[in-house]
Each structure stands twice: as C-alpha cells, then as structure tokens.
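Working notes for the structure below.
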Amino acid sequence: MLIAIAMLLSACLNGFSKHLMQPENGGFSPIQILWIRFLFLGLLTIVLACRRGGLAILHTRRPGFQIVRSVLFVAQFGLFLIGFKYFQLAEVVSISSATPLLVTALSVPLLGERVGLRRWSAVSIGFIGVVVSLRPGLEVMHPASLCMLLATCIFATFQIMTRVLARTDSSETTLAYTALTGVAIMSLVGPFQWTPPDTNAWIILMIIAALGGLGTVLCIVALGSAPPVALQPLYYTIIVWSTLVGYCAFGEIPDTYTIIGACLIVSSGLYTVFREQRLKK
C-alpha cells in the first residue's frame, strides 16, 4: 500500500513538473524545480538528523562513494525532467522502468554477480521493449530520447551503488547525503535558472516539494517493513498512475507502441526480480 501510494505521488509530482515547464505556464527550468525539491528534502534531512543524534547521521565509511552516488541521483532527475517536457508521462516512465533490467546487466561487471541465460533473455526482451517505445526509424528521434536513455543508465548505476552502500550505511545516512549533495549542487546553478514564480506557481512548487518528500518517506518506511523483492512489482504501478495523470491533465493517450513496449519491459522486469529471488533461496 505504501509503495503504491508513493508511486501515485510520484506520478502527480511528474505531472505538476511537466505543467510548470510548459511555455504557457511560465516555462520554468527543470533546474529551478529540482532546486526547490532538494531544499525541501534538505529540511526533511535536518528533521531526521535531530531525531538521530545530529551530525552522527552523516557518519559513513565511504563519504566519496556517497557523494558520487548523490551526484548521479541529481543528474538522472534532471534528465528525466527534460524527458517529461517533450514526451508523454507514460512514455518516459515506461522507458525508466527498464532500470531493474539494467541493474541486472550492470551487476555482472560491477558486483561480480552471475547472471544465467534466463535472466539475460529477460534483459534482452526488456531492451526490445525500450526500442519499441522509442520506435526509432518510424519518426525522427527527438534528442530528449537520448536524455531518457542516459537517465535510465545513470539510475541503474545509482541503484548498484545503493546496494553497495547498504552493506555499511543506514538508509537515513544515505538519504542525508543525497539531500545535502542535491542542495549543494542545485544551489550553485539554481539562481542562474530562476524564473520569478507567481502565487499559483509557488503553490505548485510547494506541492511538488511536499509530494517528493512524502513519497521518499513512504518508500523508506515500506522498505523497512517488507523485503525489496516483495515491493518491486508495485513500483511498476507508476506506469498506470502516470497514464491516468497524463490523460486527465494533458489529454495524453499512449499509442500502441508505448503500450507494447511497456508490457515487454514490465513483464521482463518482473521475471528478472522473481528469478533473482528464487536463485537466492
């Protein structure tokens, strides 16, 4: 339930972000939206730090690793926002859903894990789904497509690094580094991409920040209450939520290619997750 709600909040957050980036609504920069989001996440981190003993929350054996991971987190968010500006919400989310497949592929060279023929087959089918969703050759490929592919690769690397850090650091410590690094980076570039918001835009920016913070908290609570493999299938509900938000807010209707691609990506991703769990048992 918590993960499903968090995915709904994420879809709504993406919808509000897309709304603000439209020229008729102010054409706000993705950098400005990210800056507000990370400022709110930074405040959430301060609250957690007060409950966890102050600066002790920043104690880690791998500070450099934490910072690099956090930089990747900021980068993938920015690239996905660019995708939301030019594509339907369902299209962007479908392509990003290939992340578990990329994690499986990258776990071989980065973590030294063994991947059998079945999981490699699932990865291949998932990548076919990505190609179908992007449908190169049927129309001129928008440069933002490359941003989405790069963002998915970065997010997969981010997930791998999160796995490594989970061996030594708590989730609160990892969240703290993510938030503070994001605030530091966006504070360096945010002022140069600032568009003065009116009252309505400020309200939407605050809603975006609140949705992002609440979604993060829900994910942390859920991951602390159930094994990740039990929750992974529910992450794909964001495709359903994003389709509904896209239709209700922007009149977006996914075409056949997007639907087929999403089905291939989700089915292969679910098979990969369940196969990994079976092998662990």
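Only the coordinates and a few stated rules stand behind these numbers; no lab work does. Since the structure is predicted, the reported quantities are computational estimates derived from the model, not experimental observations. Counting neighbours? That spans all protein chains shown, and the Cβs are built from the backbone with ideal geometry, glycine included.
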| field | GNM flexibility winner over the chain from ALA166, ALA49, ALA90 (Cα, springs under 10 Å) | value | ALA166
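According to the square roots a ≥ b ≥ c of the eigenvalues of the Cα gyration tensor, what is the shape class of region 9-56, taking rounded for a/c under 1.5, prolate for a/b larger than b/c otherwise, and oblate for the remainder?
Details: a/c = 5.57, a/b = 2.72, b/c = 2.04.
Note, shape of region 9-56 comes out prolate.
Within region 36-109, report the trypsin sites (Lys or Arg not before Pro) that DSSP leaves as loop and that have at most 12 other Cβ atoms within 10 Å. Intermediate values should be presented prior to the final figure.
On the way: sites: ARG37, ARG51, ARG52, ARG61, ARG69, LYS85; in loops: ARG52, ARG61.
In loop regions of region 36-109 (DSSP not H, G, I, E or B), the sparsely surrounded trypsin sites (Lys or Arg not before Pro) are ARG61.
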| request: Could you calculate the contour length gain from CYS248 to GLU24, that is, 0.36 nm times the residue separation minus the distance between their Cα atoms, to one decimal place in nm? | output: 78.8 nm
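Highest mean first, what order results for 270-279, 193-202, 8-17 on Cβ atoms within 10 Å? Mind dumping the intermediate values first?
Numbers: 270-279: 16.8, 193-202: 11.9, 8-17: 21.9.
The peptides rank, most packed first, as 8-17, 270-279, 193-202.
Express the C-alpha Rg of region 45-182 as a ratio against the empirical globular expectation 2.2 N^0.38 Å, rounded to two decimals. It would help to have the intermediate numbers written out before the result.
On the way: Rg = 17.3 Å, N = 138, 2.2 N^0.38 = 14.3 Å.
The reported ratio for this selection is 1.21.
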| said: Filter the chain for me: DSSP H helices, axial length by Cα at least 24 angstrom, mean Kyte-Doolittle hydropathy not below 0.5. List them by residue number. | reply: 2-21, 30-51, 63-86, 117-134, 143-165, 171-189, 199-223, 256-280
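Would you compute, from DSSP H runs of 4+ residues alone, the mean residue ellipticity of the chain at 222 nm, taking -39500 (n - 2.57) per run and dividing by the full residue count, rounded to the nearest 500?
On the way: 12 runs with 219 residues, N = 281.
So the helix-based figure for the chain works out to -26500 deg cm²/dmol.
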| query | Whole number please: convex hull volume per residue of the Cα set in the chain, in Å³? | reply | 136
| field | Cα-based Rg and Dmax for region 159-202, where Dmax is the largest Cα-Cα distance (Å) | value | 15.7, 45
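Among TRP241, TRP120, rank each residue by its count of other Cβ atoms within 10 Å, from fewest to most, as a rough exposure measure. Mind showing how you got there, number by number?
Details: TRP241 22, TRP120 14.
Listed from fewest to most nearby Cβ atoms, that is TRP120, TRP241.
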| request: Take region 40-79, drop everything but the C-alpha atoms, weight them equally and run the Debye formula without solvent; then report log10 I(q)/I(0) at 0.20, 0.32, 0.34, 0.35 Å⁻¹ to two decimals. | output: -0.75, -0.97, -0.98, -0.99
